[in-house]
Amino acid sequence: MELPLNVLFLCTGNSCRSILGEALANHLGEGRIRARSAGSQPTGQVHPRALAVLERHGVPVDQPASKSMDDLEGERFDVIITVCDAAAGEACPVWLSEAAKVHWGIPDPAGAEGTDEQIDAVFERTYERLRHRLEKLAALDLADIKPLGLVASMQKIHRELGQE
C-alpha cells in the first residue's frame, strides 16, 4: 500500500470513539497513518472527557471537530474503521466507496453514568481498547501489505483483543 495509510474512523456521533481513534492513529502511526473521523449523526461537539483522556496520555490533538460524513465526501481512504457498538443497538454508518472496511465495535463512553471517577474510568477503558488495536496496526509492515491482508490483519487484531 502507498503510505501514509489513509484511515477514516466512523461512528454515529463523532464525539468520542472516532475522535479518540483519529488522534491515536495519527500519533501512533508516526506519519505512516493519516486518520480522519466523522459521524452519521454528528453531535456537533467533541466530548470534553475524550479530549481530557487524550491530554492525560500526552496524545496531541489537532483541532478536533464533530463532523458529518458528508463533510469528507470526495476524500480517498484506504480503510474505513467503524467503531459503533452494534451489540448495544447502534446503527453503524455505511461509507460507500471501494475502501477496505473493518468493524471494531467498542461501547460508547458518552453514555457513561456514575461518579466522575467512574465515568473517567469508562473513557480510559475506551482509550485503552483503541490504543491496543492501533499499536498493533502501526506495527504492521504497512508498505508491503495488500488491501485484503490489511483487512484480515485488522479483523484479527480486533478478535484477539476482544473486549479486553
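What length, rounded to one decimal in nm, is gained on full extension from Q45 through to D70, with 0.36 nm per residue of separation minus their alpha-carbon distance? Write out the running numbers ahead of the final one.
On the way: separation 25, 0.36 × 25 = 9.00 nm, distance 1.62 nm.
Once the chain is fully extended between Q45 and D70, it gains 7.4 nm.
Put +1 on the Cβ of each Lys and Arg and -1 on the Cβ of each Asp and Glu in the chain; which of F77, A52, G114 then has its Cα farthest toward the positive end of the dipole? The listed residue farthest towards the positive side: F77.
Rounded to the nearest 500, the 222 nm mean residue ellipticity of the chain from helices alone is -12000 deg cm²/dmol, with -39,500 (n - 2.57) taken per DSSP H run of at least 4 residues. Computed on protein heavy atoms with a 1.4 Å probe, the accessible areas place K67, K146, K101 in the order K146, K101, K67, largest first.
Which residues in the range 37-77 have a backbone N closer than 13 Å to a point placed 7 Å from the Cα of E98 along the Cα-to-Cβ line? Hits in the range 37-77 for E98 at 13 Å: 77.
In the chain, what percent of the accessible surface is made up of carbon and sulfur (1.4 Å probe, ligands and nucleic acids excluded)? Write down the numbers at each step before the final one.
Details: 4090 of 8120 Å².
Exposed carbon and sulfur together represent 50 percent of the surface.
Summing Cβ point charges (Lys, Arg +1; Asp, Glu -1) relative to the Cα centre of the chain gives a dipole of roughly 340 debye.
With the convex hull of its Cα atoms as the shape, the range 1-94 has an orientation-averaged projected area of 6.2 nm². Each of A65, L5, S153 was placed along the dipole of the chain (beta-carbon charges, centred on the mean Cα), and the one lying farthest toward the positive end is S153. Sorting R125, R133, R159, R76 by accessible area puts them as R159, R76, R125, R133; the probe is 1.4 Å, largest comes first, and only protein heavy atoms count.
Under Stokes-Einstein, with the Kirkwood radius over Cα pairs as Rh, the value for the chain at 20 °C and 1.002 mPa s is 137 µm²/s.
Counting Lys and Arg as +1 and Asp and Glu as -1, what is the net charge of the other residues whose Cβ lies under 14 Å from the Cβ of E75?
Residues near E75 contribute -2 overall.
Accessible surface comparison of M1, M69, probe 1.4 Å, protein chains only, largest first: the order is M1, M69. Close amide H contacts of S68 (hydrogens built in the peptide plane, cut-off under 5 Å, sequence separation of 5 or more or a different chain): G39.
Summarising the strand pairing of the chain, around 0 percent of its internal DSSP beta bridges are antiparallel.
Per-residue SASA remark: F77, around 10 Å² accessible (1.4 Å probe; ligands, DNA and RNA not included).
Across the range 68-86, the residues whose backbone nitrogen lies under 17 Å from the label position 7 Å along the beta-carbon direction of R32 are 78-79.
The values are calculated or read from the model by the stated rules, or taken from the named source; none is laboratory data. Treat the numbers as computed from the prediction; the structure is a model and nothing was measured. Cβ coordinates were reconstructed from backbone atoms using ideal geometry, including for glycine residues, and neighbour counts include every protein chain displayed. The protein model used for the area step is the full one, side chains on, heavy atoms only, and it has no ligands, DNA or RNA in it. Shrake-Rupley method; radii C 1.70, N 1.55, O 1.52, S 1.80 Å.
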